[in-house]
Amino acid sequence: MLGCGGYLPDRIVTNAELAKQVETSDEWIIERTGIRERRVAAEGEKTSDLAIAASERALAKAGIGADALDMIIVATSTPDNTFPATATRVQAELGALKAWAFDQQAVCSGFVYALATADAYLRSGMAETALVIGAETFSRILDWEDRGTCVLFGDGAGAVVLRAEDGAGATSDRGILATDLNTDGRYADLLYVDGGPSSTQTVGKLRMHGREVFRHAIVNLAETAEKVIERAGVDASDVDWIVPHQANIRIIAGTAKKLGVPMDRVVVTVDRHGNTSAASIPLALVDAVESGRIKPGELLLMEAMGGGMTWGAALVRW
Ligand code: ACO
């Protein structure tokens, strides 16, 4: 990985502000989720705008120009339009005209899915340099009258630049060491949006059975994490940082506990960002890299679960 960058909209919405709109409280939200505030995109600020801002920062950190990119993936469930893919606007605005670009949709697992997809392209030799972005404006698909969901989510984008490099096949190699992806469509109705072009011809609103999602998350996340650890031939004690999807502090802490990783080795941004779906892992990565906590050569475990149900993990040496 050559570099990462993030972007958060300016507007901060606190729990206290939400408590004026729905029957909830700062205490309830903090106790049940760990969220204190989240960002909300400005009127007219689109998912592609967030993605472009994050990508420009990632490219600057990577020290390469957009013309070096072979491919761009935008992981998102909140695209600008039904089509074309949000990635096409990102490609044009960045001036990455050599790159093919497409969106990938796996909701909160989107970034892990996109990372695994880019990794497969790089390993196959089809691409040498890839830009992987998680970008969301979930504020646009929330039912702002449903206290069970509107307090949980936020907007933002994070991006990473990947370049293929020959390794020794050892665990000390840099980059993506192992990935694991899973889907179980039988649970699609636990977390979904009740609209779409082919069903209602509307955008729809997010609907969720929070308690059930929570139950699945704890089991699935630990399992997928264990799989990548085993696949890479390392031990859970070798993991320097868990960079988890930021849905709920209790899910994050429960998974870390199952893996035996102490919380001071877990990157937490859910308090400030809320759940930004596909953007949450790259935003957490950026937070920890830019604050100097994650250092080159350290072993990172990324794990996520989301609507679908989809879940997965990636083990990355930074
Ligand atoms: N403020 C106050 N009370 C609330 C709120 C709120 N914002 N939301 C729900 N409640 C109430 C409920 O109505 C319920 O009241 P009742 O007992 O009178 O019916 C009570 O709180 C308990 O509700 P539960 O849903 O059982 O609360 P729980 O402790 O499970 O917390 C939460 C709810 C935070 C949604 C939790 O289930 C959760 O985080 N689930 C995971 C969902 C998630 O993170 N989804 C994101 C996408 S998937 C992923 O990223 C992993």
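The values are calculated or read from the model by the stated rules, or taken from the named source; none is laboratory data. Predicted model, so just to flag it, every value in this text is computed and none were measured. Positions of Cβ are backbone-derived with ideal geometry, glycine not excepted, and every protein chain shown enters the neighbour counts. SASA here: full protein model, heavy atoms, side chains in, ligands and nucleic acids out. Shrake-Rupley method; radii C 1.70, N 1.55, O 1.52, S 1.80 Å.
Annotations
- To the nearest 10, the accessible area of V203 is 110 Å² with a 1.4 Å probe.
- When all protein chains stay in place and ligands, DNA and RNA are ignored, the 1.4 Å accessible-area order of L8, L2, L97, largest first, is L97, L2, L8.
- The mean sequence separation of alpha-carbon pairs under 8 Å and at least six residues apart, normalised by the residue count of region 3-163, gives a relative contact order of 33 percent.
- Here E27 and S237 are evaluated by their C-beta separation; at R0 = 35 Å the FRET efficiency comes out at 0.45.
- Per residue, the chain reaches -10000 deg cm²/dmol at 222 nm when only DSSP H runs of four or more residues are counted, each adding -39500 (n - 2.57).
- Checking every one of the trypsin sites (Lys or Arg not before Pro) in region 1-98 against DSSP loop status and a limit of 12 other Cβ atoms within 10 Å picks out K20.
- Cα gyration tensor category, rounded, prolate or oblate, for region 85-147 with a/c compared to 1.5: oblate
- Hits among lysines - C-alpha to C-alpha of K227 under 18 Å, sequence gap 8 or more where chains match: K257, K258
- Per-residue HN-Hα couplings for region 275-289 [Karplus 6.51, -1.76, 1.60; θ = phi - 60°; Hz; x = Gly/Pro]: 8, 9, 6, 4, 7, 6, 5, x, 5, 5, 4, 4, 4, 7, 6
- Other residues with beta-carbon under 14 Å from the beta-carbon of A236 carry, at +1 per Lys or Arg and -1 per Asp or Glu, a net charge of -2.
- Carbon-plus-sulfur accessible fraction, region 3-163 (probe radius 1.4 Å, protein heavy atoms only): 48%.
- Sparse-neighbourhood loop sites, trypsin sites (Lys or Arg not before Pro) in region 136-199 - DSSP loop, at most 16 other Cβ within 10 angstrom: R174
- Label point 7 Å beyond Cα of E17 along Cβ direction - residues of region 266-282 with amide nitrogen under 16 Å: 271-276
- Summed side-chain charge close to M309 - residues other than M309 whose Cβ falls under 11 Å, Lys, Arg +1, Asp, Glu -1: -2
- Shape box of the chain [Cα atoms, principal axes, largest first, Å]: 56, 44, 38
- Computed with a 1.4 Å probe over protein heavy atoms only, the accessible area of Y7 comes to about 40 Å².
- Neighbour count of at most 13 Cβ within 10 Å plus DSSP loop: longest GluC sites (Glu not before Pro)-free window in the chain: 166-318
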